[in-house]
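What follows is a short report on a single structure.
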Amino acid sequence: MIKIKDKLVRWYDTFVLDRPVMVILGLMIVIALLGYQAKDFNIDASADTLLLENDKDLRYAREITDRYGVYDFLLISYAPKKGDLLDAQNLKTIARMRDDLKKLDPVESVMTILDVSLLESPPVSYKDISGNIPNLESPTIDKKLARIELRDSHFYRDLLVSRDMGTTALIVNLKTDPVYAKLLAERNKYLDKKALGSLSPTDAAQLKAVVKKMRTQTVRMNAIQHRNIKAIRTIIAQNRSQADMFLGGISMIRDDMITFIKNDLKIFGAGVFILLVVMLGFIFRRIRWIVLPMLCCFLSVIAMIGVLSAFEWDVTVISSNFISLQLIITLAIVVHLVVRFREFQSTLPQADLRTLVKKTIHSKFIPCLYAVLTTIAGFSSLMFCDIKPVIHFGWMMSAGILLSLALTFVLFPAGVMLLKKGEKLSQVKSSNFSFTDLLARFTQSHGLAIIIATIICSILIIAGITRLRAENSFIDYFKESTEIYQGMKVIDLKLGGTTPLDVIVQFDSFEEESEPEKNEIYEEDEEDEAFYAELDAEMEEEDENKYWFMDDRMKVVEAVHDYLDGLPETGKVLSLGTLLKIARKLNDGKSLDSFELAVLYTKLPDDYKDMILMPFVSFEKNEARFTVRIKDSMKSLQRDPLLKQIKHDLVQQLNLKKDRVRLAGAMVLYNNMLQSLFDSQIKTLGVVALALSVMFLVLFRSFKLSLIALFPNLFSAGAVLGVMGWLDIPLDMMTVTIAAISIGIAVDNTIHYIHRFREEIRTDSDYYQTLYRCHGSIGHAMYYTSITIIIGFSILMLSNFRPTLYFGLFTGLAMFIALIASLTLLPQLLIWLKPFGPDRASD
């Protein structure tokens, strides 16, 4: 084993140190090839990036989507600046916008208050409902009655108009891409097989091919959708003088998220790059120690983008800061090499360039390797999370860090070897970094105070962690200045809520119920005999679905509808119950019985049937669907208790069978993700703590030293969680990664410090003198890297996406606490517990 190691070392020295030009040329060729792959770099902001891996409710949600057809749409809220909503000028503006929107190729149709059927302006009997039903543009319409109908309509209120009639919605229905729809159906079929454990190798290959085709088609669709949304915003801008308008909808959120991610990648990447250049200039004050480290950082990012593109790993909102992280982590490795190289310049002034580089690489490779492995352990722990984009982020960063290590240990020594031989390498100014000296003196003078303060802080941290919660609103992920936030706020408050929830109620089959007989439930009077005689002939030719509307079922439907509508957290509720309420108004306030509902079903126009009936009933599955929109901005909203309450009340209060009631939709899937955060936090922290313990045991070969090394890092990560708990900042899909990532990055300082402490203690076995020597050498590198990391993360606070903002803020805080702990608590534990033997100075 030793011989193999020696051969590898000799090969490395001969190849990298003796042939630097060849090495750099070869590296440039590899980077160029990977850079070419970057043309296929892709961003994914789909709803799938917010889902749990193997969520049991996901399959059912897909079934409901396939069964009832959930179509994509955009919504424009329109609140007139002048005049009444229904005055001529505002209706003219709405009509002009509608006509302009219809001209856009991706738009299927546009629904506005001008287009919807008005059954009470003047009133229409349900018997005449098959005729031409007027709308606001009809010459016979009564606008006073129309205002009352729109305001009080069980269907239009909180959907097309606000309750105060101050805001209306233009609903832009988008065309379904047939190619993507087919691919999606195929993918879901294979995913269902995978979930059931019946996916064959052939199916797995087919699934992979389908996913690849979907990725290509998604890129094309995103480009089309981006142009479409840009055109819609142009139409809005042209009419903004007439009204306050906001654009909303899933497609708009997805498109804006892609824009946010692109901007974050550019701004944060460039911003961190510039900040790191400034920091290197301030610290080292020499061009070579700016250019070479930043070249390592830049090339590692280019290479990583190429790797992501080659393996078709899409960047999501969770991984959108990977460029910043890659720059920061790569620089941390390079800074340790630069500091060590400069130390050898000072201590070995007569050594030649090759000797200095060789000693630098040989002395720092093992600590850098273990530092990288522990950082990878931090990111790898994310793979035990249940959230798909977090898992992918873990894989992505683990690969990126390995790439950075390999590239740095090739490019840095080769680059240094190209320095001019005639330079006076011994002329290195020794700077007095008062901060590390101050901490060294403080640790010696106040060791007991450090231990007591740590105990008190640990108690406060534990108390803060117990206050952590995972309840947060999707709307709060965005700054108030963004159109996503503003649009969602208006829709939430004025137009019936944002987060969709489906409540599915199944009924007994026909065999368990008797079919209605016309004579049993309705007695005709003379004037209706002709009407029903004619209708009987028509109904003989109709399908059997008309018999589905049993009285008992309709009572259940209305009871469930009214219950859901009465909850303070719910906004707009639509169901078959909506049709029943509309029909009651058309029938002079009397409820329609089974036969009359069969009549209504037969006479209802297809377009009206598609709008208010078919999305809410499945004759084949014998079930009714209730679509509910939840008020996401409601501060008192608690999703998990609400879902449990709905399920409980429908069973206990309305006497429905437990197995006949199911909840589905984005609300359920999003809640599942939130509820997984605590488990994910525990799993990731547990995994990273275990992994680091094993690595410390291997590296230091001492159980006591492993515990000493682990505690300051757990302390810093716990401190961040404690602060979040005390500040009532909830866990989200990004903040759940902070603890594991901060431990993985901060542990580098611990490894480098203990590794150096172990070397220095051999000099005189004096723990305090060793402390001063370590603070005056490796302490500088720790200080440099930590400050650059903190400043690098601080730029993430400029993001419009709050989870990214919190990620930058709290990761930076964790790194600051870890720096202080590594230069105070860690040396104090070493002095107190003396893992390297007794202190001879005290003898």
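Pairing residues of segment 210-235 that are farther than 26 Å from Ala185 by Cα with residues that are open to solvent by 40 Å² or more (accessible area, probe 1.4 Å) and part of a helix (DSSP H, G or I), at Cβ distances under 7 Å and at least 6 apart in sequence or on separate chains, gives Ile235/Asp100.
Among the residues of segment 637-656, those that are among the basic types (Lys, Arg) and free of Cβ contacts under 8 Å to residues at least 24 places away in the same chain comprise Lys644, Lys647.
Consider Asp748 carefully, then state whether it is at pLDDT below 85 and open to solvent by 20 Å² or more (accessible area, probe 1.4 Å). Against the criterion (at pLDDT below 85 and open to solvent by 20 Å² or more (accessible area, probe 1.4 Å)), Asp748 qualifies. Given the condition among the β-branched types (Val, Ile, Thr), in contact with a helix residue (DSSP H, G or I) (Cβ under 6 Å, 6 or more places away or on another chain) and within 30 Å of Leu275 (Cβ to Cβ), answer yes or no: does some residue in segment 806-816 qualify? Scanning segment 806-816 turns up at least one residue that is among the β-branched types (Val, Ile, Thr), in contact with a helix residue (DSSP H, G or I) (Cβ under 6 Å, 6 or more places away or on another chain) and within 30 Å of Leu275 (Cβ to Cβ). Filter segment 180-190 down to residues that are over 30 Å from Met97 (Cβ atoms) and free of Cβ contacts under 8 Å to residues at least 40 places away in the same chain and give me whichever is most open to solvent (accessible area, probe 1.4 Å). Per the stated criteria, the residue is Lys182.
Of all the residues in segment 783-805, those that are of a type in the set (A, V, I, L, M, F, W, C), over 22 Å from Ile333 (Cβ atoms), touching a helix residue (DSSP H, G or I) at 6+ places or on another chain (Cβ under 6 Å) and open to solvent by 10 Å² or more (accessible area, probe 1.4 Å) number 2. Looking across segment 135-179, the residues that are more than 24 Å from Ile76 (Cβ to Cβ) and either in contact (Cβ under 8 Å) with a residue 24 or more places away in the chain or under 26 Å from the mean Cα position of the chain (by Cα) (or both) come down to Leu145, Ile148, Val179.
Can you tell me which residue among Arg233, Arg220, Arg240 is open to solvent by 40 Å² or more (accessible area, probe 1.4 Å) and not in a helix (DSSP H, G or I)?
Going through Arg233, Arg220, Arg240 in turn, just one is open to solvent by 40 Å² or more (accessible area, probe 1.4 Å) and not in a helix (DSSP H, G or I): Arg240.
Any chance segment 819-835 includes a residue that's open to solvent by 30 Å² or more (accessible area, probe 1.4 Å), closer than 25 Å to Phe703 by Cα and aromatic (Phe, Trp, Tyr)? Scanning segment 819-835 turns up at least one residue that is open to solvent by 30 Å² or more (accessible area, probe 1.4 Å), closer than 25 Å to Phe703 by Cα and aromatic (Phe, Trp, Tyr). For first residues located in segment 664-684 and over 11 Å from Asp55 (Cβ atoms), partners that are in a helix (DSSP H, G or I) and polar (S, T, N, Q) and lie 6+ apart or on another chain with Cβ distances below 6 Å form the pairs Thr684/Ser381. The one condition from (1) under 30 Å from Tyr477 (Cα atoms); (2) touching a Cys at 6+ places or on another chain (Cβ under 6 Å); (3) among the aromatic types (Phe, Trp, Tyr) that Phe807 does not meet is (2). With respect to (1) of a type outside the set (Phe, Trp, Tyr); (2) buried (at least 24 other Cβ atoms within 10 Å of the Cβ); (3) not in a helix (DSSP H, G or I), the lone exception for Pro838 is condition (2). Here is a check on your reading of the model: is Thr788 within 27 Å of Phe365 (Cβ to Cβ), of a type in the set (Ser, Thr, Tyr) and within 28 Å of the chain's Cα centre (by Cα)? The answer is yes for Thr788. Could you tell me whether any residue of segment 593-609 is among the acidic types (Asp, Glu), more than 34 Å from the chain's Cα centre (by Cα), assigned to a helix (DSSP H, G or I) and crowded, with 16+ Cβ neighbours inside 10 Å? Yes - at least one qualifying residue is present in segment 593-609.
The residue list Leu207, Leu199 contains one member that is of a type in the set (A, V, I, L, M, F, W, C), part of a helix (DSSP H, G or I) and free of Cβ contacts under 8 Å to residues at least 24 places away in the same chain, which is Leu207.
Inside segment 687-709, residues that are under 22 Å from Lys364 (Cα atoms) and either open to solvent by 20 Å² or more (accessible area, probe 1.4 Å) or touching a Pro at 6+ places or on another chain (Cβ under 9 Å) (or both) make up a count of 12. Listed conditions (1) surrounded by fewer than 18 Cβ atoms within 10 Å (Cβ to Cβ); (2) in a strand (DSSP E or B) are all met by Ile141, apart from (2). Modelled with pLDDT under 85 and of a type in the set (A, V, I, L, M): does that describe Val339? Judged against the criteria, Val339 is not a match. Counting residues in segment 481-493 that are modelled with pLDDT under 85, outside any helix (DSSP H, G or I) and under 30 Å from Thr735 (Cβ atoms) gives one or more. Among residues of segment 422-450 that are farther than 18 Å from Leu819 by Cα, those with a Cβ under 7 angstrom from a residue that is basic (Lys, Arg) and modelled with pLDDT under 90, sequence gap 6+ or separate chain, pair up as Val428/Arg342. Any chance segment 275-291 includes a residue that's over 25 Å from Ser794 (Cβ atoms) and in contact with a Phe, Trp or Tyr (Cβ under 7 Å, 6 or more places away or on another chain)? Looking for residues that are over 25 Å from Ser794 (Cβ atoms) and in contact with a Phe, Trp or Tyr (Cβ under 7 Å, 6 or more places away or on another chain), one finds none in segment 275-291, hence no.
Filtered by the rule that a residue be in a loop (DSSP other than H, G, I, E, B) and open to solvent by 10 Å² or more (accessible area, probe 1.4 Å), segment 721-742 gives Leu727, Asp728, Ile729, Pro730. Within segment 80-98, take every residue that is buried (at least 18 other Cβ atoms within 10 Å of the Cβ) and in contact with a Gly (Cβ under 7 Å, 6 or more places away or on another chain) and give me the one that is nearest to Asn239 (Cα to Cα). Ranking the qualifying residues of segment 80-98, first place goes to Asn90.
Among residues of segment 74-86 that are closer than 14 Å to Asn173 by Cα, those with a Cβ under 9 angstrom from a residue that is open to solvent by 30 Å² or more (accessible area, probe 1.4 Å), sequence gap 6+ or separate chain, pair up as Leu74/Asn173; Leu74/Ile250; Leu75/Phe246; Ile76/Phe246.
Can you confirm whether segment 494-516 contains a residue that is closer than 22 Å to Leu604 by Cβ, of a type in the set (D, E, K, R) and either open to solvent by 50 Å² or more (accessible area, probe 1.4 Å) or modelled with pLDDT of 85 or more (or both)? Checked segment 494-516: at least one residue is closer than 22 Å to Leu604 by Cβ, of a type in the set (D, E, K, R) and either open to solvent by 50 Å² or more (accessible area, probe 1.4 Å) or modelled with pLDDT of 85 or more (or both).
The values are calculated or read from the model by the stated rules, or taken from the named source; none is laboratory data. All values derive from a computational prediction rather than experimental measurement. Methodologically, a virtual Cβ is constructed for each residue, glycine included, from the backbone with ideal geometry; neighbour enumeration extends over all protein chains shown. Accessible surface areas use protein heavy atoms only, side chains included; no ligands, DNA or RNA. Shrake-Rupley method; radii C 1.70, N 1.55, O 1.52, S 1.80 Å.
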